[in-house]
Every structure is written in C-alpha cells, then in structure tokens.
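> If you scroll down you'll find the structure; I have some questions about it.
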Amino acid sequence: MKDDLISKKELLDLTGISYGQLYRWKRKQLIPEEWFIRKSTFTGQETFFPRMLIQARIRNILNMKDDLSLDELASRLSDTEGYSEIRLSKEAIIERNIVTDIAMSAYGAAVQSKEGLYSFGQLLHLYAADTLLAKGDMSLDEGKLLLRTLEKHAGALTGKPCELYFVRKMGVALFLLAPSPAELFFDEGVRLVAKVALGDLVEQLKGRLS
Amino acid sequence: MTEEDKGIGQRPDLILNGVGSAAGGAYDKVLIDGVGKVMDSLSARLFKANGQIRVKGELETIEIEVNGIMNLEGPLRMNTMKLDGILHVDGGIAGESCVLNGLMTAKGDCELEEFRGVGGFTIEGLLNAGRMDVRLAGAGQAHEIGVETLKVRQGDQSLWNRLLGGIIPKLKPVLSAKVIEGDNLDLEYTNADVIRGNHVIIGEGCSAGLVEYRTGLTVHPGAHVGKEVKTGD
C-alpha cells in the first residue's frame with residue numbers, strides 16, 4: 001500500500017509546481033480535500049496524496065490551465081455531472097483520440113447505447129479495455145469478457161473507489177472488480193497481469209475529454 | 001425587532017436593535033446593533049453587526065462586517081470580511097478576503113485569498129491563504145500554514161504592549177505553527193518546526209527547527225535555525 005501514496009515534497013519535485021500553486025489549487029477546490037492525507041513520520045506530520053490520482057489531476061490542471069480560468073477549471077474538474085451528460089458518437093471518439101480505432105471496432109458495437117452514442121460510463125469501460133490492450137496485457141477476446149464484467153458490475157460500485165484486477169491462471173483470464181483498498185490473495189498458479197484503479201481512469205478520461 | 005418583507009421573490013431584511021433574538025434563515029441584509037442572538041443558520045447578502053452577537057449555526061454571506069464580539073457556532077463562508085473586535089468560529093472559514101483588526105479564532109481550516117490586518121488569530125486547522133500580510137498584536141497560531149506570499153511583522157511594540165505580552169502569553173505577538181509552507185515567506189518573530197519555501201527570509205526573533213528553501217534564504221543573525229536545507233536543483 002505504501003507506494004500508492006506520494007509525499008508532498010516528492011510530488012512538488014516531480015511535477016515542478018510550487019507550494020503556493022498547490023495551496024491555491026486546494027483553495028480553488030481543484031484538488032479535493034480528501035486527497036490530503038496526513039500521516040505522522042519521523043520528521044513530524046507530513047501530507048501525502050494518492051499517487052496516481054494526484055499526478056493525473058495535476059497533469060490535467062497544467063494542460064488545461066492556459067485555456068481556462070481556475071474557477072472554470074474547478075467546476076470542470078469537480079463535477080462528474082457535467083460529464084454524465086456527455087453523449088459522443090463513434091466518429092467523435094476516434095477523431096478526438098479518446099479510444100483507439102482498434103478497441104472501437106472490436107467492442108464499440110457491443111457497448112454503445114441504442115442511438116449509437118456513448119455515455120461517460122460506457123466510454124470509461126471502453127477506455128479501460130483500450131488501456132489494457134495498449135499495454136499488451138490482454139488479447140482482443142479477453143477484452144470482451146472485461147467489458148461484460150464492467151457493464152454488469154461497475155454500476156454497483158459507482159462513486160466508490162474501486163480497482164480492476166486482471167489475473168490469469170494457466171492461460172485462463174479472470175477479471176475482478178473490488179472496492180479499494182482491498183487486499184486479495186491468490187494461489188500460486190495465479191499471475192496478476194494488471195491492476196488498474198478506476199478512479200485513475202476516470203481522471204485520465206476527463207483529461208482527454210476536455 | 002422588525003422584519004419587513006419587500007415583495008415576493010426578494011429576501012427580507014433582519015434588523016435587530018437593543019437586546020433581542022431572531023430565527024435564522026435567508027435574508028438580504030442582516031443588521032444587528034446591541035446584543036443579538038440568532039437561533040439558527042443564516043444566509044445573507046450583507047451581514048453587519050455591532051455589539052455582542054451569537055449565531056447558533058452557520059453563516060453564509062457576501063459581505064460581513066463585525067464590530068464587537070461575535071460567536072459563530074458553525075462554519076463561516078463569505079466573500080469579504082471586515083473584523084474589528086473578536087470573532088470566534090466553531091468551524092472553518094472560507095472566503096475571498098479578510099481585513100483583521102482584533103482577534104479571530106477558528107476551530108477548523110481557514111481558506112482566504114487575501115488575509116491582512118493587525119491583531120492575533122488562532123486557527124486550529126490549516127491556514128491557507130494567497131496573500132497574507134499581518135502585523136501581530138497578539139499571538140498568531142495555526143496548526144499549519146500554506147500560502148503563496150506571507151509577511152509577518154510585529155505590531156506596535158510600545159512599552160505597555162511589551163509589558164502586557166510578558167504577563168499574558170496570549171498577547172505575546174509571536175506567530176507559531178507546526179509547518180509553514182509557501183512561495184515567498186518573509187517572517188519575523190515566528191516559531192515553527194518546519195519552514196519550507198521558495199524564497200525565505202527568516203527575520204528577527206524567529207526560531208525554526210528546519211528550513212527548506214529552493215531559490216533563496218536570508219537569516220537574521222539573531223534568529224535561530226536548527227537546520228538549513230536547499231531543495232531542488
């Protein structure tokens with residue numbers, strides 16, 4: 001669990017932002033209060049952040065901040081409401097490079113809603129499959145299984161932090177969705193191929209959409 | 001006490017004179033003179049109070065002006081605040097700007113774009129400000145301070161003030177915090193465990209366990225610094 005957190009100092013070093021910027025963004029609610037995790041260390045109390053989430057969020061802020069004011073950014077980033085309204089056509093998705101052509105042609109038809117449009121949730125599922133495909137961990141057929149899993153169970157976990165596990169045993173692929181933090185223990189023959197936090201995907205997807 | 005409705009769609013005003021109490025609610029203007037008590041949460045466009053005021057709930061307003069003593073049993077959200085006297089908040093403070101002349105205490109965090117004035121404060125959580133410029137005339141305390149620019153000076157240091165400060169610790173004009181982090185820190189009479197910043201000036205009367213700086217550090221010969229570390233490249 002330890003490496004899932006990043007200290008404030010390390011974060012500033014990695015991203016090149018300053019204390020002032022970090023605090024300003026907090027004030028403007030660009031970074032949620034819950035992400036500031038206080039922990040005692042040997043030098044006293046230190047602040048930590050969820051590593052993946054904060055890095056993705058800071059990248060998003062830095063990318064968008066030239067075009068938008070901080071207040072506009074705050075509303076853009078904080079509300080998923082704005083995104084839940086989103087309906088995109090297949091062409092728009094490919095054109096804006098949100099999901100690759102390959103993933104789209106393989107899974108698109110199965111995921112899309114009746115009118116041929118994609119909501120944020122559906123887009124997220126496609127994006128998840130696309131990410132795993134791009135890493136080369138998953139075959140195209142296994143992706144179908146993944147999408148079925150997500151479609152069936154992701155609804156039950158909306159709003160909660162959850163993680164997607166992709167494991168393989170003797171060539172058989174399995175997908176697990178578990179609320180995080182959860183620790184899973186497998187028997188010896190199982191290989192954990194990928195572990196993805198859905199929150200990170202949401203964050204990355206938001207970055208691509210805006 | 002009078003409450004007059006100004007037609008439908010517009011919020012009424014709340015005016016309290018003398019000793020009285022009122023219910024909470026949504027108002028356009030809230031004007032309290034004397035000893036006033038509001039029994040529930042308030043939201044108003046303008047909140048102006050003279051005397052002794054107690055609000056048993058939270059307060060949300062665009063403009064707030066307090067002369068006297070005010071107790072707020074909940075968080076305060078405002079745009080601009082002008083405070084002459086004592087304000088006690090049982091919660092956090094969030095707003096754009098605050099001009100302080102007196103004492104302010106908050107149980108939670110305090111988030112302000114601009115914080116300036118003369119006096120003292122106690123923030124039990126994080127004091128997060130864009131620009132902070134205070135002249136201390138009493139103790140300044142915060143658990144943690146995170147700012148863009150911070151300037152701390154001692155207020156009027158006359159004989160009487162020094163004498164009183166020696167007798168009553170609360171009146172000793174010193175800023176103390178566990179951690180102070182910011183871009184530009186210009187400090188005097190400050191005690192902190194850790195001070196981290198981009199450009200740091202440690203002035204007279206400071207004492208810090210650890211100072212981390214990125215571009216520049218100036219330390220007054222009289223100041224006490226445990227360890228200096230240059231971070232970054």
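The values are calculated or read from the model by the stated rules, or taken from the named source; none is laboratory data. For clarity, every value in this text was computed on a predicted model and none was experimentally measured. For neighbour counting, all protein chains shown are included, and Cβ atoms are generated from backbone atoms with ideal geometry for every residue, glycine included. Please note that ligands, DNA and RNA were not included when accessible areas were found on the heavy atoms of the full protein model with its side chains. Shrake-Rupley method; radii C 1.70, N 1.55, O 1.52, S 1.80 Å.
> I want to confirm something. Restricting to segment A:1-35 and keeping residues that are open to solvent by 20 Å² or more (accessible area, probe 1.4 Å) and among the aromatic types (Phe, Trp, Tyr), which single residue is modelled with the lowest pLDDT?
A:Trp35
> Report the residue count in segment A:176-210 for those that are within 17 Å of the chain's Cα centre (by Cα) and in a strand (DSSP E or B).
Residues flagged as within 17 Å of the chain's Cα centre (by Cα) and in a strand (DSSP E or B) within segment A:176-210 amount to 8.
> Please go through segment B:142-173 and give me each residue that is more than 15 Å from B:Gly120 (Cβ to Cβ) and either touching a helix residue (DSSP H, G or I) at 6+ places or on another chain (Cβ under 9 Å) or modelled with pLDDT of 85 or more (or both), ordered by number.
B:His143, B:Glu144, B:Gly146, B:Val147, B:Glu148, B:Thr149, B:Leu150, B:Lys151
> How about segment A:111-138: which of its residues are closer than 19 Å to A:Gly155 by Cα, small (Gly, Ala, Ser) and loosely packed, with under 12 Cβ neighbours inside 10 Å?
A:Ser113
> Which of the residues spanning segment B:118-145 are more than 15 Å from B:Tyr189 (Cα to Cα), buried (at least 23 other Cβ atoms within 10 Å of the Cβ) and among the small types (Gly, Ala, Ser)?
Across segment B:118-145, the qualifying residue is only B:Ala129.
> While we're here: Hand me the list of strands (runs of 3 or more DSSP E) wholly inside segment B:1-105 holding 1 or more residues that are over 24 Å from B:Lys170 (Cβ atoms) and touching a Pro at 6+ places or on another chain (Cβ under 7 Å).
In segment B:1-105, the matching strands (runs of 3 or more DSSP E) lie at B:2-4, B:25-38.
> In segment A:1-43, which residues are farther than 27 Å from B:Glu114 by Cα, outside any helix (DSSP H, G or I) and charged (D, E, K, R)?
A:Lys39 - this is the single residue of segment A:1-43 that is farther than 27 Å from B:Glu114 by Cα, outside any helix (DSSP H, G or I) and charged (D, E, K, R).
> Here's a follow-up. Do we find that B:Thr149 is in contact (Cβ under 8 Å) with a residue 12 or more places away in the chain, hydroxyl-bearing (Ser, Thr, Tyr), more than 14 Å from chain A (Cβ to nearest Cβ) and closer than 30 Å to A:Ser40 by Cα in this structure?
no
> Scanning for something at pLDDT 75 or above, open to solvent by 40 Å² or more (accessible area, probe 1.4 Å) and within 18 Å of A:Glu203 (Cβ to Cβ), does segment A:79-89 turn up at least one residue?
No, there is no match, as no residue in segment A:79-89 is at pLDDT 75 or above, open to solvent by 40 Å² or more (accessible area, probe 1.4 Å) and within 18 Å of A:Glu203 (Cβ to Cβ).
> State which residue pairs qualify: first residue more than 18 Å from B:Gly91 (Cα to Cα) and inside segment B:62-73, second residue assigned to a strand (DSSP E or B) and polar (S, T, N, Q) in any location, beta carbons under 7 Å apart, and separation of 6 or more residues or different chains.
Between residues of segment B:62-73 that are more than 18 Å from B:Gly91 (Cα to Cα) and residues that are assigned to a strand (DSSP E or B) and polar (S, T, N, Q), the close pairs are B:Glu63/B:Thr80; B:Asn67/B:Asn50; B:Gly68/B:Asn50; B:Gly68/B:Gln52.
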